[in-house]
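Beneath this line is the structure, given in structure tokens, with notes to follow.
The values are calculated or read from the model by the stated rules, or taken from the named source; none is laboratory data. Computed from a predicted structure; not experimentally measured. Here the Cβ is made from the backbone with ideal geometry for all residues, glycine too, and neighbour counts use every protein chain on show.
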Amino acid sequence: MLDTSTREARTHFYNSQSWRELRADALERDHYECLWCKADGKVTSNQSAVLEVDHIKELEFYPECALDIDNLRTLCKDCHNKRHHRFNYKSHGPKKENKWKDDERWD
């Protein structure tokens, strides 16, 4: 079985020829479009964004699914970051209250 227990082992996997070939197959299967954006009615393709191939069952915890194309999906970088709660998609505490919500509005 594939060792994915360390960061180094996962890096080695992502640099492998077998991963690069399977990644290319997944991108082609998904027509080089982000599947989450597509589900929301938006088109995000390799022409407008960086596309990444995501393991649905994460590589670190499910090494047996590492090279299963049915465990892969194409996501744009933005959606992939949302999926893994990275960067500006982390919760930074409670939302600020809108101090203007009760003010008179000029419609």
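Computed values, structure above
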quantity	calculated
Pick from the stretch 67-107, criterion assigned to a loop (DSSP other than H, G, I, E, B) and at pLDDT 95 or above, ranking: surrounded by the most Cβ atoms within 10 Å (Cβ to Cβ)	Leu67
Unmet criterion (only one of (1) under 19 Å from Thr74 (Cβ atoms); (2) surrounded by fewer than 16 Cβ atoms within 10 Å (Cβ to Cβ)) for Glu8	(1)
Filtered residue count, the stretch 1-28, keeping only those that are free of Cβ contacts under 8 Å to residues at least 40 places away in the same chain and outside any loop (DSSP other than H, G, I, E, B)	11
Residue check for Asp30: at pLDDT 95 or above, crowded, with 16+ Cβ neighbours inside 10 Å and not polar (S, T, N, Q)	yes
